[in-house]
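Trainee: Below: one structure in structure tokens.
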Amino acid sequence: MGMRRDFPHSCNGVEAPRLVVFEVINLKRGKGKSVEQITRAGATGQGCMCIARVGADLAKRVIQVHAVDAGGRVVCRRALPRDKFIAWCSRLPAGCVVAMEISSGAHHWARRLVEFGLVPRLMSAQLVEPYRSQGATGKNDANDAAAICEAASRPSMRFVPVKSVEQQSMLCVHRLREGLKAERTGCINRIRGLLAEFGLAFAQGPEALRRVLTDVLEDASNEMNTLARLVIQRAHSQWRELDAHIAWCDERIAQHARDNPAVKAASQLMGIGIVGASAAVATVDDFGQFKSGAQFGAWCGIVPRQHSSGGKTQLGRITRRGDTYLRSLLVQGAKSAVLTAHKRSDAISHWALALRERSGWQVAAVALANKNARILWAVMTKGQRYDANHVSVKPLAAMTG
């Protein structure tokens, strides 16, 4: 680019300087190409063979791509229709890295890219955000794609493994089950609210309401008329239907535990059970991606967050990172194990009971969930059976001269 001063004529005789920007094109060096020209070259495949890394910002209808070569120079920036994304990626050289943020459909795109010999890289959105050079005020599809491409080049970036179709299918069962549970809770609360409008209140708990609901509908002495009874009957039918759907999900999870040896081994841990074991295996699959049980526990978000400085350690509440559903199952299972620890005589139950007396059951439940996460990692990576009385021995540190 170059600049010159132009002095336009003025009606009052005062000449005001004006800056005019013009483009200097060096034809010998090949400079001066516009972004549109580069984009068209990438679209026709002329620049695809020199692409080494691509950042793709996924959306429902348009996918923004940002491609660079091995030296980090931009080769192509453009928005692709969703149905043309795979065709564009098929022209990329084998081994090219295609980076994406974790979102709905990211694992599907990653599996498709593997078929073309490409290397998909999935990242958490919170790890990509610091690489957007425009900051929080410059968020758009093009800048997001550039940030994804830049983040994928960092050697310390933590990538998410691509899930298989079987993993996602099993997770669909868990997601459906969680949604049905929420709908069932809402249905029960709705029935209680409707009954309360007629002065009918009952003990807490779904089973207490289930036992008396039929008798209440047949009791002619209460205030409800025919229409109100029909409404309660409809709600009761919905409740039974939701119970049937949840039972179907439980059958699929139980079948997963019978067919998968990893789920069967994980379900033996105290405080995990079949549902937690199925969710853990379907979510993680390869536990060897974590260096240690402590790293797996940190990934689950059940370790204290740190705000340490100057050699002084300050720990706070748990980080709550990672998969919310898996963490809730670990904590809920640990809570049940802590509250019933006095009925067992194994070493872990004694430890949990002592911690409960010192710090309360909430702290003990989270601590046991963290311990279970570490034990689960050891069982999955070492292929050993769970032993509640096992005493771990920390390896001696290597002596350094």
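The values are calculated or read from the model by the stated rules, or taken from the named source; none is laboratory data. Everything numeric here is computed off the predicted structure, so don't read it as measured data. Counting neighbours? That spans all protein chains shown, and the Cβs are built from the backbone with ideal geometry, glycine included. Each accessible area value is taken on the protein alone, full model and side chains, heavy atoms only, with ligands, DNA and RNA left out. Shrake-Rupley method; radii C 1.70, N 1.55, O 1.52, S 1.80 Å.
Trainee: Once both axes come from the Cα atoms, what is the angle between helix 361-382 and the longest principal axis of the chain, in degrees from 0 to 90, rounded to 10?
Mentor: It is inclined by approximately 70 degrees.
Trainee: For Leu80, what residues show an amide H to amide H distance below 5 Å, using hydrogens built from the backbone and excluding near sequence neighbours?
Mentor: The list, which skips near neighbours in sequence, is Ile63, Gln64, Val65.
Trainee: Right, next: Could you tell me, in Å, what Rg and Dmax come out for the Cα atoms of segment 316-399?
Mentor: 14.0, 44
Trainee: Which one is right for this structure if Rg/Rh (Cα atoms, Kirkwood Rh) is calculated from it: (1) 1.13; (2) 0.97; (3) 1.25?
Mentor: (1)
Trainee: Taking the dipole about the Cα centre of segment 176-270, with the C-beta of Lys and Arg at +1 and of Asp and Glu at -1, give me whichever of Gly205, Val231, Leu269 is farthest to the positive side.
Mentor: Of the listed residues, the answer is Leu269.
Trainee: From the phi of every residue in segment 340-348, what ³J(HN,Hα) in whole Hz does the Karplus formula 6.51 cos²θ - 1.76 cosθ + 1.60 yield, where θ is phi - 60° and glycine or proline is x?
Mentor: Karplus values, whole Hz, x for Gly and Pro: 10, 5, 5, 8, 10, 10, 7, 5, 5.
Trainee: Express the relative contact order of segment 133-256 as a whole percentage, based on alpha carbon pairs under 8 Å and six or more residues apart in sequence.
Mentor: Normalised by residue count, the contact order of segment 133-256 is 34 percent.
Trainee: Sorted by mean Cβ packing within 10 Å, highest first, what order do the peptides 258-270, 330-342, 351-363 take?
Mentor: The most tightly packed comes first, giving 330-342, 258-270, 351-363.
Trainee: If you bin the C-alpha pair distances of segment 45-177 every 5 Å from 0, what whole percents do you get?
Mentor: Binned Cα distances yield the sequence 2, 11, 21, 24, 21, 12, 6, 3, 1, 0.
Trainee: For a quick protection proxy, order the peptides 228-240, 50-62 by their average other-Cβ count within 10 Å, most packed first.
Mentor: In descending order of packing, they fall as 50-62, 228-240.
Trainee: While we're here: How much of the calculated P(r) for segment 148-202 lies past 18 Å, in percent of all Cα pairs?
Mentor: 65
Trainee: Throw me the Rg/Rh for segment 254-401, computed over C-alpha atoms with Kirkwood Rh, two decimals.
Mentor: Rg/Rh: 0.99.
Trainee: List the relative contact order of the chain as a percent without decimals, with contacts defined as Cα pairs under 8 Å and 6+ residues apart.
Mentor: About 9 percent, as a whole number.
Trainee: Please go through the residue pairs Lys163/Lys264; Lys291/Lys312; Lys60/Lys382; Lys264/Lys371 and name each one whose alpha carbons sit more than 30 Å apart in this structure.
Mentor: Violating the 30 Å limit, Cα to Cα: Lys60/Lys382.
Trainee: Please list, in chain and number order, the residues 5+ apart from Ala99 or on another chain whose amide H is under 5 Å from its amide H, with Hs placed from the backbone.
Mentor: Residues meeting the criterion, in which the H sits 1.01 Å from N, are Val54, Gly55, Ala56, Arg121.
Trainee: Nearest 10 degrees, 0 to 90: what angle lies between the long axis of helix 141-152 and the longest principal axis of the chain (Cα atoms)?
Mentor: Once rounded, one gets 80 degrees.
Trainee: Pairing the Cα long axis of helix 324-339 with the longest principal axis of the chain, what angle in degrees results, from 0 to 90 and rounded to the nearest 10?
Mentor: Long axis of 324-339 versus the principal axis of the chain: about 30 degrees.
Trainee: Could you run the Karplus curve 6.51 cos²θ - 1.76 cosθ + 1.60 with θ = phi - 60° over segment 197-207 and give me ³J(HN,Hα) per residue in whole Hz, x for Gly and Pro?
Mentor: Each residue of segment 197-207 in turn: 5, 10, x, 10, 10, 9, 5, 6, x, x, 5 Hz.
Trainee: Per residue, what accessible area does the chain have, given a 1.4 Å probe and all protein chains present, in Å²?
Mentor: Per residue, the chain has an accessible area of 61 Å².
Trainee: Could you please state how large a percent of the accessible area of the chain is carbon and sulfur, counting protein chains only and using a 1.4 Å probe?
Mentor: Carbon-and-sulfur percentage of accessible area, whole number: 53.
Trainee: Let me ask you something else. Could you tell me what % of all Cα pairs in segment 202-318 have separations over 17 Å?
Mentor: The calculated P(r) of segment 202-318 puts 73 percent of pairs beyond 17 Å.
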